[in-house]
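Student: Pasting a structure here, questions to come.
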Amino acid sequence: MAAAQQTGTAVFSGRYSTQIGAGAHHRLRRSGFAGITSNPPPEGPMDLEDYDSLVFRVRGDGRQYIASLRCENWLVDQRSHDVWQAFLFARKGEWTEVEIPLSRFLLTWKGKVVEEMVEVNAKRITGLGISLAGGDQLQPEGDYCLGLDWIKARNTRLYNPEEERAQQEQQAQQEQQRQQQAQRPEEHGSSVLRSV
């Protein structure tokens, strides 16, 4: 599946298993997690306060995935075990943009949803991640592969899809013109001699 990936994209892939290996730590009681997460930005937390959704350009494989956000705690400015999570529905075998409103992210602690409604501290995002939706009921054992092209923050109050589409088309045309010019022999103003 990775060979069919678009150039310049990431691939989250592996083999999902709930089996506990023979050399596992004696306290390990269950298995079945697979996830990736970004490192905290070296320049400090990301400020997404002016945005109300995240958009993931992904290609799915038929499995269920979860998008996650980590942010500094509202009460103490340090990394906590709090993670905000939302389902990431990616179409199988097709590149699509999946928009998830920040209001859809639910606070979790060690994989369990926290009952109280707590707002994401969008001004202090320290990490983004993607994981397989866990549990034997959701995931069969076997290979998984999610393609990831990009993640964007979007302010839907200001977003104009037609304008963005026109900008993308213009950029594609400009890129095509650049490639065509690069393939042409250079013209230095000299004339070509022809025999008659």
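Just so it is clear, none of the values below were taken in a lab; they were calculated from the coordinates. Please read all numbers here as calculations on a predicted model, not as lab measurements.
Student: Relative contact order of the stretch 2-179: what whole-number percent is it, with Cα pairs under 8 angstrom and at least 6 residues apart?
Tutor: 34 percent.
Student: Return the long-range amide H neighbours of Ser31 (sequence gap of 5 or more, or a different chain), with a cut-off of under 5 Å between placed amide H atoms.
Tutor: none
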